[in-house]
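Report on the following structure.
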Amino acid sequence: MSVFEIIMLICFGAAWPFSIWRSYRSRSIGGKSLAFLVIVLIGYSAGIIHKIYYSNDRVIILYIVNFIMVGIDTILYLRNSATVKAEGNGEAA
């Protein structure tokens, strides 16, 4: 277990609640990229797999929590994207 890995995951993870809240409240996709969110999910998945197979310790919890937060933000992105498309077509959201 590396203290630096823990600090990195805590710092990265600290930003996601704000991003989730902004996505939830704004219902827009401005400043968001689905490609970026998917890349981050892949990165956290790789970290989780590494922890399972090569370095099983409690830091995996931080990877899982961050993965869940990015997953929530991705779901909100998809919801907001559908809302933006519906409004652009003149449909009720």
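Derivation of every value follows stated rules applied to the coordinates shown; laboratory data play no part. Bear in mind that the values here come from a model prediction, so they are computed numbers and not experimental data. Using ideal geometry, Cβ is built from the backbone for each residue, glycine included, and neighbour counts are taken over all protein chains shown.
Worth a mention:
- Computed FRET value (nearest 0.05) for Ile64 with Val84, which takes r as the C-beta separation and R₀ as 35 Å: 0.70
- Using a Förster distance of 22 Å, the FRET efficiency for Ile42-Trp21 (Cβ separation, nearest 0.05): 0.40
- The chain: angle of helix 34-53 to the longest principal axis, Cα-based, in degrees nearest 10: 20
- Theoretical ellipticity at 222 nm over the chain - DSSP helices of four or more residues, -39500 (n - 2.57) apiece, nearest 500: -27500 deg cm²/dmol
- When the GluC sites (Glu not before Pro) in the chain are filtered for DSSP coil states and for at most 10 other beta-carbon atoms within 10 Å of their beta-carbon, the remaining sites are Glu91.
- Rel. contact order, % - alpha carbon contacts under 8 angstrom, at least six apart, the chain: 42
- Under the combined filter of DSSP loop state and at most 10 neighbouring Cβ atoms within 10 Å, the chain retains these chymotrypsin sites (Phe, Trp or Tyr not before Pro): Tyr54.
- Listed values (1) 11.8, 32; (2) 14.8, 47; (3) 15.7, 53 include one computed from this model; for Rg and Dmax of the Cα atoms in Å that value carries the label (3).
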